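Asker: The structure that follows is given in the form of structure tokens.
The values are calculated or read from the model by the stated rules, or taken from the named source; none is laboratory data. Everything numeric in this text was worked out from a predicted model, so none of it was measured. Cβ placement follows ideal geometry from the backbone for every residue including glycine, while neighbour counts extend to all protein chains displayed.
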Amino acid sequence: MLHTIADIAAAFVGLWIVLYLLGVDQDNLFVQYVRDMAYWLAGWSQHVATVEDEHLRLVLNYVLPAAVYLFIGHGVAAKMRHTNRRGSPSTVAARRDPRPPVRTPGA
């Protein structure tokens, strides 16, 4: 679930980069929605790169949050999956139970 949220966040930011570089009509409602969503998601990283070229500045300021969402989101999700497998209540209880498993006849 967490990796899906990270993918969606990175997709909005990446889509805005592509739309901007393609020079699409920014008065379009869909483009405005993608731009606003990407700005909201990448607001913390704005003005990190102060480059004169507007296209390069936009790419640098939006690629950083997209990469952070992907790497951190997928890393945390993987850690959560790994922790859940190792420490789920059923596996912990099974490790603590000294009795051998009960086998039914015919199974």
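Asker: Can you tell me which residues in region 44-63 are part of a helix (DSSP H, G or I) and closer than 14 Å to Ile17 by Cα? Reasoning before the result, please.
Answerer: We begin by selecting, within region 44-63, every residue part of a helix (DSSP H, G or I); these are 44-45, 54-63.
Once the filter is applied, which keeps residues that are part of a helix (DSSP H, G or I) and closer than 14 Å to Ile17 by Cα, region 44-63 yields Glu54, His55, Leu56, Arg57, Leu58, Val59, Leu60, Asn61, Tyr62, Val63.
Asker: Just wondering, is there one or more residues in region 32-47 that are hydroxyl-bearing (Ser, Thr, Tyr), exposed (fewer than 13 other Cβ atoms within 10 Å of the Cβ) and modelled with pLDDT under 85? Can you show your working first?
Answerer: As a first pass, look at region 32-47 and keep what is hydroxyl-bearing (Ser, Thr, Tyr): 33, 39, 45.
In the following step, the residues that additionally are exposed (fewer than 13 other Cβ atoms within 10 Å of the Cβ) were identified as 33.
Subset that is modelled with pLDDT under 85: none.
Checked region 32-47: no residue is hydroxyl-bearing (Ser, Thr, Tyr), exposed (fewer than 13 other Cβ atoms within 10 Å of the Cβ) and modelled with pLDDT under 85.
Asker: Take region 20-31 and flag every residue that is within 23 Å of Leu64 (Cβ to Cβ) and exposed (fewer than 12 other Cβ atoms within 10 Å of the Cβ).
Answerer: Narrowing region 20-31 to residues within 23 Å of Leu64 (Cβ to Cβ): 20-24, 26, 31.
Across region 20-31, the qualifying residues are Leu21, Leu22, Gly23, Gln26.
Asker: So Asp25 passes all but one of these: (1) at pLDDT 85 or above; (2) in a helix (DSSP H, G or I). Which condition number does it fail?
Answerer: (2)
Asker: For region 9-18, check the following and say yes or no: at least one residue is at negative phi, at pLDDT below 85, among the small types (Gly, Ala, Ser) and in a helix (DSSP H, G or I). Before the answer, list the steps.
Answerer: Filtering region 9-18 down to residues at negative phi leaves 9-18.
With at pLDDT below 85 added as a condition, the list becomes none.
The answer is no, given that none of the residues of region 9-18 is at negative phi, at pLDDT below 85, among the small types (Gly, Ala, Ser) and in a helix (DSSP H, G or I).
Asker: For region 28-43, name all the residues that are assigned to a helix (DSSP H, G or I) and farther than 30 Å from Val76 by Cα.
Answerer: Leu29, Phe30, Val31, Gln32
Asker: Here is a follow-up. Considering region 54-84 alone, what residues qualify as being of a type outside the set (Phe, Trp, Tyr), under 13 Å from Ile5 (Cβ atoms) and in contact with a helix residue (DSSP H, G or I) (Cβ under 7 Å, 6 or more places away or on another chain)?
Answerer: Leu70, Gly73, His74, Val76, Ala77, Met80
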